Amino acid sequence: MPEEAARARTAYAEVTDADVVSGIINTYRDEPGNLLPVMLDINRHFNWLPRPALEHISDELKIPLTEILRVASFYNAFSLTPRGKNIINVCLGTGCFVKGSPRLLERLERKLGIKHGETTEDMEFTLEVVRCIGCCALAPAIRVGEATYGRVNPDQVSKIIDSYIETASL
Amino acid sequence: MKIANLEQLKEIKARGLRLTYPDKIKVMVGMATCGISAGADKVYAALTQRIAELGLDVVLAKTGCIGFCQREPLVDVIYPKQVRLTYQAMTSETAVALVDALKEGRIYESQSLCRIDQEDFLVEGVVRPYANPHPPELPPEFPRYEDLPFFSKQVKISLRNCGFINPESIEEYIARGGYQALCKAVVEMTPEAVIDQVKASGLRGRGGAGFPTGLKWEFCRNAPGELKYVICNADEGDPGAFMDRGILEGDPHAVIEGMAIGAYAMGAKEGYVYCRAEYPLAIDHLKTAISQAEGLGLLGEKIFGSDFSFKLKIREGAGAFVCGEETALIASIEGRVGEPRPRPPFPAQSGLWGKPTTINNVKTWSHIAPIVARGADWYASFGSGNSKGTTVFSLVGKVNNSGLVEVPLGITLREMIYDLGGGIIGDRAIKAVQTGGPSGGCIPEEYLDTPVDYDSLAALGSIMGSGGMIVMDEKDCMVNVAKYFLDFTRDESCGKCTPCREGTLRLMEMLEAITEGRGQEGDIDRLIKMSELIKKTSLCGLGATAPNPVLTTIKYFRDEYEAHIRDHKCPAKVCKPLITFSILEDKCNGCQLCRLRCPVEAVVGTKKEPHQIIQEKCIKCGACFDGCKFDAVVVD
């Protein structure tokens with residue numbers, strides 16, 4: 001049975017992807033309650049959760065795919081659609097909210113031509129909102145990838161994004 | 001090496017003291033997430049480079065956040081056996097100048113924040129002066145740390161080491177008395193005696209609900225079963241709160257030691273720290289700290305040569321606010337969706353994998369080691385009435401000094417905002433202070449003399465919560481703030497129970513209508529009725545408290561609701577559908593700044609002539625208003 005299931009799986013985009021996912025699953029194989037750590041690592045690796053990876057987890061950990069999809073759609077960290085190279089998180093925590101982060105978000109939406117939750121067509125940027133990154137004393141804050149920027153005004157936010165565009169075109 | 005007794009711990013302590021206070025000048029940079037977002041990484045790089053260029057023989061180190069995030073990046077220079085000087089708002093350029101001054105043997109006087117002449121080794125109850133007998137003479141630009149209003153009223157128990165040690169060094173934690181309390185508990189005390197101390201200290205859960213910690217521990221200890229768990233709730237989901245991040249990034253061992261003591265007291269052998277994924281640096285520092293503690297035998301088998309063993313693991317959250325609720329958190333650790341379940345059974349009877357489990361917040365755990373080391377009476381000497389000890393707040397929003405502050409319970413809101421916080425930005429009028437996150441409420445100015453404790457804040461309709469304290473001024477619209485919180489809870493409601501899932505949506509829809517000028521007579525009563533219903537019938541704390549922001553804003557700012565509904569006006573001039581931007585002809589000199597800033601070409605006019613705003617095109621982004629240097633743009 002397991003072999004049959006494996007054959008029926010959706011193919012990965014790259015052959016090596018299967019090894020990466022196997023590696024992640026094996027890291028946590030004997031941990032009780034390992035579904036979340038496995039999915040978080042896969043989500044980090046691909047920037048989203050590709051279907052073949054979810055089917056792969058289902059086969060290996062013997063967890064029904066419906067349950068995995070339920071978990072994937074429940075938690076904010078997971079994405080079931082491909083995301084851009086740079087993930088921009090605009091903090092909408094209360095500290096940032098009262099210091100004007102909704103305007104940063106508006107500015108970014110206009111600049112990138114997308115709404116939050118969407119990805120630019122060239123797959124460079126995904127715009128997301130986050131409910132507090134804990135930089136409240138330096139509000140408003142945004143995070144691009146792993147870099148955090150504090151005390152950002154709408155004009156600066158534009159420049160910050162430009163610096164990523166320039167890096168990308170080099 | 002594995003530490004088996006107090007003597008061996010003291011050997012490590014001696015090593016730690018040499019690391020923390022070396023014989024040569026030590027330059028230290030505050031490198032918590034707040035510091036880095038203000039540019040501390042660039043400052044650190046500039047220091048590294050300049051020190052190498054000049055071949056200067058100093059120690060360069062990293063530390064956590066001392067709490068004064070507003071003034072970051074912060075850099076300290078420790079002159080051995082003399083003084084520690086703290087510099088604020090540093091840049092790459094001032095970092096270079098600082099190193100140059102050190103090279104020339106002079107005191108760098110620019111960017112000064114304060115001088116620190118002595119440090120409290122809180123756990124040991126000793127004060128360690130830098131200079132003996134006399135501190136050096138310094139220019140008045142360096143006020144004493146204790147004299148700065150931001151620090152003077154603080155009592156740092158949770159934050160005892162933040163900004164003083166390298167959080168990635170267990171030796172430096174041990175240098176300031178770390179792991180002595182664990183040693184005392186395991187070697188000298190029975191588990192029951194530890195629980196008695198925690199009970200007598202009066203410590204209540206700092207996650208927000210305020211349940212007596214010792215009592216919770218006793219329930220878990222007395223619950224039948226061999227296998228028990230302790231969990232640290234580091235899923236700090238409240239927006240506007242970052243106390244847990246500060247502690248985990250700046251002093252992770254404080255939490256680990258507290259958990260180990262708790263595990264000993266309750267008879268648990270395993271523990272989890274459930275930390276939200278939005279805090280990568282905190283997770284990183286925790287991982288380092290756990291592996292260091294394992295390396296020294298402070299976690300693992302036969303701790304301090306006893307029969308007590310304790311293993312600690314980290315679980316990352318995946319971005320779900322409801323996972324701060326204890327039964328949802330347990331479900332998430334078990335690998336399921338984080339949905340709460342009805343209690344009883346309480347986790348103390350049936351928690352993680354059905355075993356007795358105790359969940360405490362990061363701040364609660366960080367209080368344990370000092371309580372065990374110094375005793376319950378010492379701890380209970382802080383605070384007031386039913387609220388003993390200290391707690392950490394993130395004081396943010398429209399205050400001049402924002403940051404992390406730890407204060408004895410019972411301090412008034414006014415002291416927090418005007419003494420520690422230094423008042424409101426731009427001397428504007430305060431409108432409200434919001435405590436307790438989405439579960440809390442907005443407290444108006446007339447109640448600023450209320451003491452900050454569990455009971456007093458609850459009497460006002462808010463809660464103490466985990467420690468977010470967001471100050472709002474006259475430019476904040478309270479209806480919009482209520483809408484903000486409902487948007488949050490509606491989004492984060494797990495959907496399991498109907499009152500929360502549907503009720504928060506309905507509240508949100510009504511608030512949306514009001515802020516868009518579509519409010520109707522009777523809306524306020526409908527909001528109150530719906531809120532009461534949700535409070536009474538929701539399954540877990542998220543739903544039961546979600547209407548609090550609505551109820552408190554109606555209670556204290558009813559006139560703002562009425563202005564939106566009856567007059568279609570937003571008094572704070574925030575709600576976009578109810579405001580218009582226009583240009584005063586007599587004040588506009590045609591500088592064109594607004595025209596250039598407008599993203600939608602809604603501003604028209606020729607140079608040196610008064611400009612106009614085409615209302616149909618205006619998206620009310622406020623760019624023209626912000627840009628105008630002549631107060632010619634007005635909002636009505």
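Only the coordinates and a few stated rules stand behind these numbers; no lab work does. What you are looking at is a predicted structure, and each value in this text was computed from that prediction instead of being measured. Here Cβ is always computed from backbone atoms with ideal geometry, including for glycine, and neighbour counts include all displayed protein chains.
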Item to complete: Please state the charge dipole magnitude for the protein assembly as shown, taken about the Cα centre, from unit charges on C-beta atoms (+1 on K and R, -1 on D and E), reported in debye and rounded to the nearest 20.
Response: 480 debye
Practice prompt. Just the ratio, please: alpha-carbon radius of gyration of region B:134-251 over 2.2 N^0.38 Å, N its number of residues.
Written response: 1.39
Discussion item. For a quick check: sort B:Phe211, A:Phe46 by the number of other beta carbons within 10 angstrom, fewest at the front.
Written reply: B:Phe211, A:Phe46
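When Cβ neighbours within 10 Å are restricted to other protein chains, what is their mean count per residue of peptide B:61-68?
0
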Worksheet item: Gap in Å between the Cα centre of region B:189-238 and the Cα centre of region B:290-311?
Response: 21 Å
Practice prompt. For region A:41-98, give the magnitude of the charge dipole about the Cα centre (Cβ charges: +1 Lys/Arg, -1 Asp/Glu; no others), in debye to the nearest 20.
Written response: 240 debye
Worksheet entry | Given charges at beta-carbon only (K, R positive; D, E negative), |dipole| of region A:2-74 in Debye | 240 debye
Worksheet item: How would you rank A:Trp48, B:Trp217, B:Trp353, going from fewest to most other Cβ atoms within 10 Å of each one's own Cβ?
Response: B:Trp353, A:Trp48, B:Trp217
Worksheet entry | Principal axis dimensions, largest first and in whole angstrom, of region B:518-636 by Cα | 62, 27, 23
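Starting from the Cα coordinates of region B:580-635, work out the convex hull volume and express it per residue in Å³.
Taking the convex hull of the Cα positions in region B:580-635, it is 62 Å³ per residue.
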Worksheet entry | Value in Å of the Kirkwood radius, where the protein assembly as shown supplies the Cα pairs that are averaged | 27.9 Å
Worksheet item: Which distance in Å, rounded to a whole number, links the C-alpha centroids of region B:18-36 and region A:94-135?
Response: 34 Å
Fill in: Order by protection proxy (mean Cβ within 10 Å, highest first), peptides A:74-84, B:478-488
B:478-488, A:74-84
Item to complete: Order these peptides, B:534-544, B:420-430, by their mean beta-carbon neighbour count within 10 angstrom, highest first.
Response: B:534-544, B:420-430
Worksheet entry | Nearest 10 degrees, 0 to 90: helix A:101-112 Cα axis against chain A principal axis | 70 degrees
Fill in: Gyration tensor (alpha-carbon) shape descriptor, region B:384-473, a/c threshold 1.5
prolate
Worksheet item: Put +1 on the Cβ of every Lys and Arg and -1 on every Asp and Glu Cβ in region A:86-169; which of A:Cys132, A:Ile87, A:Val98 then has its Cα farthest towards the positive end of the dipole?
Response: A:Val98
Worksheet entry | Estimated vicinal HN-Hα couplings, Hz - region B:187-197 in sequence order (Karplus 6.51, -1.76, 1.60; Gly, Pro = x) | 8, 9, 10, 7, x, 4, 5, 5, 4, 4, 4
Worksheet item: Can you list the HN-Hα couplings for region A:87-97, worked out from phi with the Karplus curve (6.51, -1.76, 1.60; θ = phi - 60°), rounded to whole Hz and with x for Gly and Pro?
Response: 9, 9, 10, 8, 7, 10, x, 4, x, 6, 4
Discussion item. What whole-number volume per residue, in cubic angstrom, does the convex hull of the C-alpha atoms of region A:8-75 give?
Written reply: 82 Å³
Response to the item:
Stokes-Einstein D for region B:306-435 (37 °C, 0.692 mPa s, Kirkwood Rh from Cα pairs), in µm²/s, comes to 181 µm²/s
Worksheet item: Each label point is 7 Å from the Cα along the Cα-to-Cβ direction; what then is the distance between the points at B:Asp586 and B:Ala45, in nm?
Response: 5.3 nm
Fill in: Structure-based [θ]222 nm, chain A - -39500 (n - 2.57) summed over DSSP H runs of at least 4, per residue, nearest 500
-15000 deg cm²/dmol
Discussion item. Based on C-alpha coordinates, I'd like the Rg and Dmax of chain B, in Å.
Written reply: 26.5, 85
Response to the item:
The answer for B:Tyr272, listing residues at least 5 apart or on another chain whose modeled amide H is closer than 5 Å to its amide H, is B:Val230, B:Ile231, B:Cys232, B:Lys313
Worksheet item: Check B:Val399: other-chain or 5+ apart residues with amide H under 5 Å from its amide H, H built from backbone geometry?
Response: B:Ile425, B:Val471
Discussion item. Please list, by residue number, every one of the trypsin sites (Lys or Arg not before Pro) in region B:90-156 that is coil in DSSP and has at most 16 other beta-carbon atoms within 10 Å.
Written reply: B:Arg106, B:Lys153
Fill in: Cα convex hull of region B:250-289, projected area averaged across orientations, nm²
2.9 nm²
Item to complete: Tell me, for chain A, which Cys residues have no other cysteine's C-beta sitting closer than 4.7 Å.
Response: A:Cys132, A:Cys135, A:Cys136
Practice prompt. Starting from the Cα of B:Arg15, step 7 Å along the direction of its Cβ; do the same at B:Arg526; then give the gap between the two resulting points in nm.
Written response: 6.9 nm
Worksheet item: Which value at 222 nm does chain B reach when only helices count, each DSSP H run of 4 or more adding -39,500 (n - 2.57), with the total divided by all residues and rounded to the nearest 500 deg cm²/dmol?
Response: -11000 deg cm²/dmol
Discussion item. Under 5 Å between amide hydrogens, which residues at least 5 positions from B:Phe121 or on another chain qualify, with H placed 1.01 Å from N in the peptide plane?
Written reply: B:Val126, B:Val127, B:Arg128
Item to complete: Just flag the GluC sites (Glu not before Pro) in region B:472-533 sitting in loop per DSSP whose Cβ has no more than 16 other Cβ atoms within 10 Å.
Response: B:Glu474, B:Glu516, B:Glu521
Worksheet entry | Residue-averaged beta-carbon neighbours from other chains (10 angstrom radius) around B:277-283 | 4
Worksheet, complete the sentence: Output field shielding_mean for A:33-39 (other chain Cβ, 10 Å radius) holds 5
Practice prompt. Report ³J(HN,Hα) in whole Hz for each residue of region B:250-263, in order, from the Karplus equation J = 6.51 cos²θ - 1.76 cosθ + 1.60 where θ = phi - 60°; Gly and Pro get x.
Written response: x, 7, x, 5, 4, 6, 4, 5, x, 5, 5, 5, x, 5
Item to complete: May I ask you to derive the relative contact order of chain B, considering only C-alpha pairs under 8 Å and at least 6 residues apart, and to give it as an integer percent?
Response: 11 percent
